[in-house]
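These notes concern the structure reproduced below.
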Amino acid sequence: ESGAVVTAGCSLPRRFDQGEMEGFEFFQIILDNSSSRLRLPDKFTRVLLDGGKPQEVKLREAGHRRRFWDVKVVLDADGHMYLGRGWEQFARAHGLRLGYFLVFSYDGDAVLTVKVFDVSMCRRHYQHDGDTSSGSSSDGDSGSSNTSDGGGGGNNWSLAEMDVEDGPTGQFSAMLRKCNLGMKQEQYLNVPVDFQLAHGYAERSKVELRMRGKSWLVHLKHNPKTGGRSRASFRYGWHQFCVDNALGVGDTCFFRALRQGSAAGGGEDHLLKVEVRKRDGSFLV
């Protein structure tokens, strides 16, 4: 079961004939860095299946009406529909990240137009320079964004922050609880075992958190566990990060490794880009 996105809402047409299918809209929020497939809302699945059983759909970014991405459509055993092969290429080409908000509009004939909004809550616009790509799009050109990643504030790390690691060990998220936000001397945040093993945290003493154009140095505390494997957690400096960003119980932090500090072994601070979704669903910008 993919956790790539959560469907937040749909605009349901009155009837599922061909005329009413056009203009059907829904939106998705990227909540996970797993991008191999994307589940479509069940209401939209019924709309799409009412016009037959398509083997693929074409995606296009709003404003570029002649540029299409061919994406396979798959159904699982429970009748849920997903965008499969081709979706990952679309996501990478458009730099989709945690917290991005996508608006889909069905144009008929198995075509979906997509608008992309980043964590600044502003729409992203892409320029297509005509360079050849690996063939993931129908007309063969490649797309590059002419905006920043949306989470920075004019800082000098913009290029490094866009070079984040992909895959399950390149990022993790944590919903904050009381133990993460207690008294200054007691605050901590455990780092998932798979993440710390992938990035050599046993040999590291600190990490650097980057968000909204600022940085915070946070020391790692290593707690011994059974079997001889230690567990790393954010300790000294974590309190200041929480205070400076007014974090509270129920807020969710998304941590993504930046490549320039990802080599295993000690000596370098590990660089982590952070995005925060507040308890009310809004994002810190």
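The values are calculated or read from the model by the stated rules, or taken from the named source; none is laboratory data. Predicted model only: the values in this text are computed from it and were never measured. Heads up, the Cβs are rebuilt from the backbone with ideal geometry, glycines too, and the neighbour counts pull from every protein chain shown.
Okay, residues lined up against (1) assigned to a loop (DSSP other than H, G, I, E, B); (2) surrounded by fewer than 19 Cβ atoms within 10 Å (Cβ to Cβ):
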| site | (1), (2) |
| --- | --- |
| Arg60 | no, no |
| Arg66 | yes, yes |
| Gly79 | yes, yes |
| Tyr82 | no, no |
| Arg85 | yes, yes |
| Glu88 | no, no |
| Arg92 | no, yes |
| Leu96 | yes, no |
**Request:** For region 182-209, name all the residues that are of a type in the set (A, V, I, L, M, F, W, C) and modelled with pLDDT of 90 or more.
**Result:** Leu189, Val191, Val207, Leu209
